[in-house]
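I have placed the structure first, in the form of structure tokens, so that the comments after it can refer back to it.
The values are calculated or read from the model by the stated rules, or taken from the named source; none is laboratory data. Keep in mind it's a predicted model, so treat the numbers as computed, not measured. Neighbour counts are summed over all protein chains in view; Cβ atoms, including those assigned to glycine, are modelled from backbone coordinates with ideal geometry.
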Amino acid sequence: MLSRALLIRQSKRCVAQLSHVKPPKQITNEPVKPFSNKDILDWDLLRASISKFNSASLDVPLVINGKRIYHNEGSRQFFQQTNPAKHSQVLANVTQASKQDVRDAIQAAKSAKEKWYKMPFYDRAAVFLKAADLISTKYRYDMLAATMLGQGKNVYQAEIDCITELADFFRFNVKYATELYNQQPCESSPGVWNKAEYRPLEGFVYAVTPFNFTAISGNLIGAPALMGNTVVWKPSQAASLSNFLLLTVLEEAGLPHGVVNFVPGNPVDITNEVLADEEFSALHFTGSTAVFKQLYGKIQSGVVNNLYRDYPRIVGETGGKNFHLVHPSASLPHAVLSTLRGAFEYQGQKCSAASRLYLPKSQSTEFLENLVGTLESVKTVNTSASKINGGDLHGFVGPVIHQQSFEKLANAIEEAKKDPELEILCGGKYDKSNGWFVEPTIIKTTNPLHKFMSTEFFGPVLTVYEYPDSEFSQICETIDKTTAYGLTGAVFARDREAIILADEKLKYSAGNFYINDKCTGAVVGQQWFGGARMSGTDDKAGGSNILSRFVSIRNVKENFYELNDFKYPSNYE
């Protein structure tokens, strides 16, 4: 016989499963704290958290089935995550997963699956709603400090990333999941009841997350997990500190062991283990285009060779070579400031950052003089330990993420100095003596098809081309064919006919198209984010579509009438 305790648990589960759950009515975008000079308490709390992380290097473990595994346990290697503004400062010693660790993480995800997906949606949703509240209250300043120090962000860029956008992802996903579950067949014949079940995918999900947005990491693991999936998570080495903190917040919010398994380490080794498992069911990826193509090919090969039980879902957001197009009718002061923000916020290390600019010749001189002049007043945020403790946190730009990025950008700048088709108008300096600092750089080209107009540098480099005023339509066509990407773009114009023309000709040039606004800064619930072409699968993070990629729908038909003959009316003579 069943024990009384088990009967009580089962009865509670049945009640919860049958209840019709609606998310809290107050789900809306988390307000952004401005961190102005009047917000003294916010600054004091932030400095306290920064000082805490600066006091000593932290050990970041693997987390497999809830168990923390540190590098000094056995013979595991570790990676030193450093402060990109002061690369001599080690923020975290990050344990590196062995191949066996990855296999253990996969098994943990499989073992946790049934209990997790059978948990009532209310309870799964409650974990993420509570995590959003913890992020925006109890852990706000620790999350900010970890993201600022580890990923080189100023306070405002960190605030809109690891606090507001991250909380928005967790909350709005609950809203979208509820709406998805409520989508049911709209017709049933007499004597029939139809329903749709939104099952999680049958295997496990592999999440590969980037360095540049803590919020993206949260969504890449959170969206599939909310729908009942379990996850193997490979974070970026350069974001391990903030990502591990995020996982601890989810655990405090009630995330069961094994639902998300945290395995930093060698990306090739981890990926090979994951993609060799027959129960691999989905890739949720944000990163470089080249890596995504490789993973896409390996998954396709696995399908062809009958490795997998299902056709794995592939959801990816990769690179961009995003444009600002200025029409002669545009408001120049507004377009100038929008371009400065779009190109140089977070040092251009956003997949949506503006990296090519098209100006009409009649307005180009004035535009560039204003842009260069304004850029000269931009301050650098110094996130070295000594400066942070002294309160120097108000800068606009900071370091690039690591040596590899620094060298790529430095080489591009040196190449521009020697190229007769290129002219450096502003910036062009770089310094690695203390941190990975590259000056915001504006380069003018005489060739609209120059490789600087098609190559993604992922840093503070903006290339500009002047076009004849009368050739606005033609320059739209040039923009469309210049790169393989199709992520974001913006047009600045007061002339409505020009806006309509650009909107039509650039229809597939950008998955997120902005009119009189910068091409960055999509907000969850407002602008669903993602691009097509070689920028990704355009599944739109921040909207409801993304959740449908992590469910497998089953339709159930129940018949209440009994047959009394096998013939249809047309079968009688």
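Brief remarks on what is shown
- Residue among 330, 290, 343 that is assigned to a helix (DSSP H, G or I) and in the same structural domain as residue 400 (by TED's automatic domain parsing): 343
- Scanning segment 381-405 for residues that are modelled with pLDDT of 50 or more and assigned to a helix (DSSP H, G or I) gives 403, 404, 405.
- Filter pass, residue 221 being out of contact with any Phe, Trp or Tyr (no Cβ under 8 Å at 6 or more places or on another chain) and either within 30 Å of residue 46 (Cα to Cα) or among the acidic types (Asp, Glu) (or both): no
- Segment 186-205, residues that are closer than 12 Å to residue 553 by Cβ and in a strand (DSSP E or B): 195, 196, 197, 198, 199, 200
- Residue 233 meets the conditions (1) under 18 Å from the mean Cα position of the chain (by Cα); (2) surrounded by fewer than 24 Cβ atoms within 10 Å (Cβ to Cβ); (3) part of a strand (DSSP E or B) in every case but one. The failed one is (2).
- Qualifying residue in segment 129-139 (condition: within 19 Å of residue 233 (Cβ to Cβ), small (Gly, Ala, Ser) and in a loop (DSSP other than H, G, I, E, B)): no
- All of (1) surrounded by fewer than 17 Cβ atoms within 10 Å (Cβ to Cβ); (2) more than 18 Å from the chain's Cα centre (by Cα) hold for residue 288 with one exception: (2).
- Yes/no for residue 225 being at pLDDT 95 or above and within 17 Å of residue 350 (Cβ to Cβ): no
- In this structure, residue 458 does satisfy being of a type in the set (A, V, I, L, M, F, W, C), part of a loop (DSSP other than H, G, I, E, B) and closer than 16 Å to residue 354 by Cβ.
For every residue, the table says whether it meets (1) hydroxyl-bearing (Ser, Thr, Tyr); (2) modelled with pLDDT under 95; (3) out of contact with any Asp or Glu (no Cβ under 8 Å at 6 or more places or on another chain); (4) closer than 29 Å to residue 164 by Cα.
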| site | (1), (2), (3), (4) |
| --- | --- |
| 64 | no, no, no, yes |
| 69 | no, no, no, no |
| 74 | no, yes, yes, no |
| 83 | no, no, yes, yes |
| 96 | no, no, yes, no |
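- Qualifying residues in segment 346-380 (those that are surrounded by fewer than 21 Cβ atoms within 10 Å (Cβ to Cβ) and part of a loop (DSSP other than H, G, I, E, B)) - the one modelled with the lowest pLDDT: 379
- Any hit, segment 239-261, residues being closer than 30 Å to residue 54 by Cβ, of a type in the set (Ser, Thr, Tyr) and in contact with a Gly (Cβ under 8 Å, 6 or more places away or on another chain): yes
- Verdict on residue 277 being in a helix (DSSP H, G or I) and either touching a Cys at 6+ places or on another chain (Cβ under 9 Å) or under 15 Å from residue 106 (Cβ atoms) (or both): no
- Condition met for residue 262 (in contact with a strand residue (DSSP E or B) (Cβ under 9 Å, 6 or more places away or on another chain), under 25 Å from residue 121 (Cα atoms), modelled with pLDDT of 95 or more and not assigned by TED's automatic domain parsing to the domain that holds residue 400): yes
- Unique residue being surrounded by fewer than 22 Cβ atoms within 10 Å (Cβ to Cβ) and assigned to a helix (DSSP H, G or I) when the list is 147, 178: 178
- Residue 122 vs. criteria in the same structural domain as residue 216 (by TED's automatic domain parsing), touching a helix residue (DSSP H, G or I) at 6+ places or on another chain (Cβ under 7 Å), in a helix (DSSP H, G or I) and modelled with pLDDT of 95 or more: yes
- For residue 494: the one exception among (1) of a type outside the set (Val, Ile, Thr); (2) touching a residue at least 40 places away in the same chain (Cβ under 8 Å); (3) in contact with a strand residue (DSSP E or B) (Cβ under 9 Å, 6 or more places away or on another chain); (4) not assigned by TED's automatic domain parsing to the domain that holds residue 230: (3)
- From the options 355, 301, 377, 362, residue that is more than 18 Å from the chain's Cα centre (by Cα) and not assigned by TED's automatic domain parsing to the domain that holds residue 398: 301
- Note on segment 430-465: residues that are closer than 20 Å to residue 81 by Cα and hydroxyl-bearing (Ser, Thr, Tyr) amount to 1.
- Condition met for residue 192 (in contact with a strand residue (DSSP E or B) (Cβ under 7 Å, 6 or more places away or on another chain), hydrophobic (A, V, I, L, M, F, W, C) and at pLDDT 95 or above): yes
Residues are listed down the side, and each one gets a yes or a no for (1) outside the structural domain of residue 209 (by TED's automatic domain parsing); (2) modelled with pLDDT under 95; (3) closer than 29 Å to residue 51 by Cα; (4) crowded, with 22+ Cβ neighbours inside 10 Å:
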| residue | (1), (2), (3), (4) |
| --- | --- |
| 105 | no, no, no, yes |
| 136 | no, no, yes, no |
| 153 | no, no, yes, yes |
| 158 | no, no, yes, yes |
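- Qualifying strands (runs of 3 or more DSSP E) (wholly inside segment 22-76; at least 1 residues being free of Cβ contacts under 8 Å to residues at least 40 places away in the same chain): 58-60, 67-69
- Within segment 484-516, tally of residues that are outside any helix (DSSP H, G or I) and either of a type in the set (Asp, Glu) or touching a Pro at 6+ places or on another chain (Cβ under 7 Å) (or both): 1
- Annotation: of all residues in segment 420-433 being of a type outside the set (A, V, I, L, M, F, W, C) and surrounded by 16 or more Cβ atoms within 10 Å (Cβ to Cβ), the one that is nearest to residue 345 (Cα to Cα) is 427.
- Residue satisfying all of: in segment 148-206; among the aliphatic types (A, V, I, L, M) and under 26 Å from residue 279 (Cβ atoms); nearest to the chain's Cα centre (by Cα) among these: 205
- Count - residues of segment 299-355 that are in contact (Cβ under 8 Å) with a residue 24 or more places away in the chain, small (Gly, Ala, Ser) and more than 19 Å from residue 516 (Cα to Cα): 5
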